[in-house]
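Visitor: Sending over a structure as structure tokens; questions will come in a sec.
What follows is calculated from the coordinates using simple rules that are stated; it is not laboratory data. As the structure is a prediction and not an experimental result, all values here were calculated from the model.
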Amino acid sequence: MKFLFAALFATSQAFAQQAAPAKSTEQQARSYVASAFVTGAAPMVLSESVTVSSELRQRLGLAPEADSRAVYRALAALTAGKPVQVRRAEPDEIAKAQAPAAPDKPLFALESGDTTLILQYDLERDHVAFIGLPGAVAVAAPVVAPAPPQKLPEVAAQPPQPAAPPPPAVAASKPAPVLQVVEPQVPRAVKPAAPAARPAPAAAAQVPESRPLLHKTGACEIKPVMSDQDLVNCGATPR
């Protein structure tokens, strides 16, 4: 009985070891990654929940909600037609890539042309769990060479111009005239002019030559009808 029990136990252990899948080695993982990006036909090399750094998403033009298959297609287009080499990542590359710390998950550097990617491989599940760039330098904007300076047209030398004559001296300003204030005066009352003397009517008849000479006998008075005496008093000479 003891022998039978020992035989059954050994058989069960051997069956369990055969049923359990063998863990991939780092060499096998590097080969798998290289062939996946050379052929462009192995999207399962990336985990369905693969983490992609923000710098790499920006370079690939991926939306935040892009799934693992979209990430794989973009990466395959980046490495298509170029030689692919997978090696162990350097410590400075790991630090710049900011990969999550996982001692049991080795970090590889995938080089294809002028592109370098940092991948963290899960040996237990046999897929890439993280992928990024070795620093933000890989997504920096290209440096544009400055435009060459333009040659300015040559300008013929101009002969020296004669100096302009000095401006004439400004004449001394004349003193401003002194304003004389004239106070208003009350106008004086003007006496009305005396009425003009009416011409004496013609005498009805001529005075006979034997008429006695009249002399001034009183003050001059202007009358509508004046007699010879009135005329003499006003200084007139009757005819």
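Visitor: When the Karplus curve 6.51 cos²θ - 1.76 cosθ + 1.60 is applied with θ = phi - 60°, which whole-Hz ³J(HN,Hα) does each residue of segment 119-128 get, with x for Gly and Pro?
Guide: With the stated coefficients, segment 119-128 comes to 10, 9, 9, 8, 5, 5, 9, 6, 7, 7 Hz.
Visitor: By the gyration tensor of its Cα atoms, with a ≥ b ≥ c the square roots of the eigenvalues, what is the shape of segment 36-129: rounded for a/c under 1.5, prolate for a/b over b/c, or oblate?
Guide: Rounded is the answer for segment 36-129, as its axis ratio a/c remains below 1.5.
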